[in-house]
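Only one structure is covered here, and it is reproduced in the block below.
The values are calculated or read from the model by the stated rules, or taken from the named source; none is laboratory data. On a predicted model such as this, the values are computed, not experimentally measured, just so you know. Cβ atoms come from the backbone with ideal geometry, glycine included; neighbour counts cover every protein chain shown. Surface areas here come from the heavy atoms of the whole protein model, side chains and all, with no ligands, DNA or RNA. Shrake-Rupley method; radii C 1.70, N 1.55, O 1.52, S 1.80 Å.
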Amino acid sequence: MSERHPELKRRVADARLELAAAILAMDAVEERIQAGEKIHSLQEQAAVELAKNAYAQTLADLLRGEY
């Protein structure tokens, strides 16, 4: 599919990088929270989870060729 659609290949790579960055950022925050630091309110944490899920869904859709 990526040979026929080089833009799709670039978008998949971009989505993977964004998802990886989001996961790394979330892991770093989680480590700080576990160490006892108060970072975010529950609403902010929920917003981060929703963003992570949206990135994951977008990546899954791209990999399935649904975009």
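Report the residue count in the stretch 2-25 for those that are surrounded by 11 or more Cβ atoms within 10 Å (Cβ to Cβ) and part of a helix (DSSP H, G or I). Walk me through it before giving the result.
From the stretch 2-25, those surrounded by 11 or more Cβ atoms within 10 Å (Cβ to Cβ) are 2, 5, 8-16, 18-23, 25; that's our starting set.
Remaining after also requiring part of a helix (DSSP H, G or I): 8-16, 18-23, 25.
Of the residues in that region, 16 qualify.
Given the structure, is residue 30 acidic (Asp, Glu), at negative phi and in contact with a Phe, Trp or Tyr (Cβ under 8 Å, 6 or more places away or on another chain)? Break it down into steps so the answer makes sense when it comes.
Numbers: acidic (Asp, Glu): yes; at negative phi: yes; in contact with a Phe, Trp or Tyr (Cβ under 8 Å, 6 or more places away or on another chain): no.
For residue 30, the condition - acidic (Asp, Glu), at negative phi and in contact with a Phe, Trp or Tyr (Cβ under 8 Å, 6 or more places away or on another chain) - is not met.
May I ask you to verify whether residue 23 is hydrophobic (A, V, I, L, M, F, W, C) and at pLDDT below 80?
Working: hydrophobic (A, V, I, L, M, F, W, C): yes; at pLDDT below 80: no.
When the stated conditions are applied, residue 23 does not pass them.
Applying the selection to the stretch 26-48, what residues are in contact (Cβ under 8 Å) with a residue 12 or more places away in the chain and either open to solvent by 50 Å² or more (accessible area, probe 1.4 Å) or touching a Ser or Thr at 6+ places or on another chain (Cβ under 7 Å) (or both)?
Initial filter on the stretch 26-48 (in contact (Cβ under 8 Å) with a residue 12 or more places away in the chain): 26, 29, 48.
Result: 48, single match.
Considering only the stretch 49-63, state which residues are open to solvent by 60 Å² or more (accessible area, probe 1.4 Å) and modelled with pLDDT under 80. Give the derivation first.
Applying the first criterion (open to solvent by 60 Å² or more (accessible area, probe 1.4 Å)) to the stretch 49-63 yields 49-50, 53, 55, 57, 63.
Across the stretch 49-63, the qualifying residue is only 63.
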